[in-house]
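See below for the structure under consideration.
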Amino acid sequence: MAVKPAPLAAYRLLIEYDGGKFQGWQKQGARQTREGVRTVAGSLEHVLQQAGLQLLHLGGAGRTDAGVHALGQVAHLHLDSRGAPRPAELRRLLDSALPHDIAIRDVQTCSPRFHARHDAADRTYLYQICRRRSAFGKPWIWWVKRNLDLGRLRAAWTSFQGDQDIAAFADLDPEEDGRARILTCEVAEAGALILLRVRASHFFRRQVRRMVGASVACALGEEEPRRIQEDLRNPTDAANLYWGAKAAPASGLFLEAVRYQGDPEPGPPRATLVIP
């Protein structure tokens, strides 16, 4: 006799977190139980289970890697509807019990069919480069100690825009196709910060960090922007190894926003960290 599935309550969460002490968003199975291995999803699940709520499913829109932060991660959460809290109660519960480096920005009910990853129209990442040493910002920036040529940086960064084969600039599984539609690549300045923003239909593992590292290499005069264009047209294993070695550190990278059908277009890049 088939087991009748539990009735579920569906929620859409908007989450921010400092990823510096997390091994990424996604729970890592048995590894999650090892001392010192923290994930954002695992922390959320622990709080829900400690509260006596029956978790049916939790999924995030972006699979942020270890050390990567989020300003606007979106997740769908399914709980057994028997005894499930209202959105305001769920937010208070999570805010009171989650560690200090995770914050819930919003909780709404949603259709059980809503899927944070599959339904996303596009995602936006923001990277912070700092041109000076900061006493406050080290966990959220990449301090590049040498002078950067902003014109070369802009030329390199914007060369990624368009329909691209990004295989030379990402860690792909053997069955993955490296093609992606990169909608916008923007550069902005905010005091000592250089903000690199990229919006795309989807991203692969370590893609943004390699894009940033490649752009900085051009800005330092170590490479030419045309090398990036050549490796987009004709990606090779050698190029993948080369750009992998130049990947930017995770500390400066933020999942800024996830956009869904009907959401407004994002505004101009903004500073996520104010450095005096």
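The values are calculated or read from the model by the stated rules, or taken from the named source; none is laboratory data. Keep in mind that what you see is a predicted model, and the values were worked out from it rather than measured. Using ideal geometry, Cβ is built from the backbone for each residue, glycine included, and neighbour counts are taken over all protein chains shown.
Points worth noting:
- Residues satisfying the stated conditions in the range 219-270, i.e. part of a loop (DSSP other than H, G, I, E, B), among the hydrophobic types (A, V, I, L, M, F, W, C) and within 18 Å of VAL208 (Cβ to Cβ): ALA247, ALA248
- Qualifying residue in the range 177-187 (condition: within 21 Å of TYR242 (Cα to Cα), surrounded by fewer than 22 Cβ atoms within 10 Å (Cβ to Cβ) and in contact (Cβ under 8 Å) with a residue 60 or more places away in the chain): no
- Scanning the range 222-238 for residues that are within 17 Å of ARG152 (Cα to Cα) and among the polar types (S, T, N, Q) yields a single hit, GLN229.
- Qualifying residue in the range 159-181 (condition: part of a strand (DSSP E or B), touching an Asp or Glu at 6+ places or on another chain (Cβ under 6 Å) and outside the structural domain of LYS21 (by TED's automatic domain parsing)): yes
- Hits in the range 242-265 - residues which are farther than 17 Å from ARG123 by Cα and of a type in the set (A, V, I, L, M, F, W, C): TRP243, ALA245, ALA247, ALA248, ALA250
- Taking the range 72-90 as the range and being touching a Lys or Arg at 6+ places or on another chain (Cβ under 9 Å) and without any contact (Cβ under 8 Å) to a residue 60 or more places away in the chain as the test, only PRO85 passes.
To keep it simple, each residue is scored yes or no on (1) surrounded by fewer than 18 Cβ atoms within 10 Å (Cβ to Cβ); (2) in a strand (DSSP E or B).
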| site | (1), (2) |
| --- | --- |
| ALA66 | yes, no |
| ALA75 | no, yes |
| ILE104 | no, yes |
| PRO112 | yes, no |
| HIS118 | yes, no |
| TRP157 | no, no |
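- Residue tally, condition aliphatic (A, V, I, L, M) and in a helix (DSSP H, G or I), over the range 182-211: 2
- The test for being surrounded by 20 or more Cβ atoms within 10 Å (Cβ to Cβ), in contact with a strand residue (DSSP E or B) (Cβ under 6 Å, 6 or more places away or on another chain), of a type in the set (Lys, Arg) and not in a loop (DSSP other than H, G, I, E, B) holds for ARG123.
- Failed item in (1) part of a loop (DSSP other than H, G, I, E, B); (2) in the same structural domain as GLY252 (by TED's automatic domain parsing), with ARG152 passing the rest: (1)
- Within the range 60-76, the set of residues being within 16 Å of THR109 (Cβ to Cβ) and out of contact with any helix residue (DSSP H, G or I) (no Cβ under 8 Å at 6 or more places or on another chain) comprises VAL74, HIS76.
- Evaluation of GLN128 against (1) part of a loop (DSSP other than H, G, I, E, B); (2) in the same structural domain as VAL216 (by TED's automatic domain parsing) (one fails), failing number: (1)
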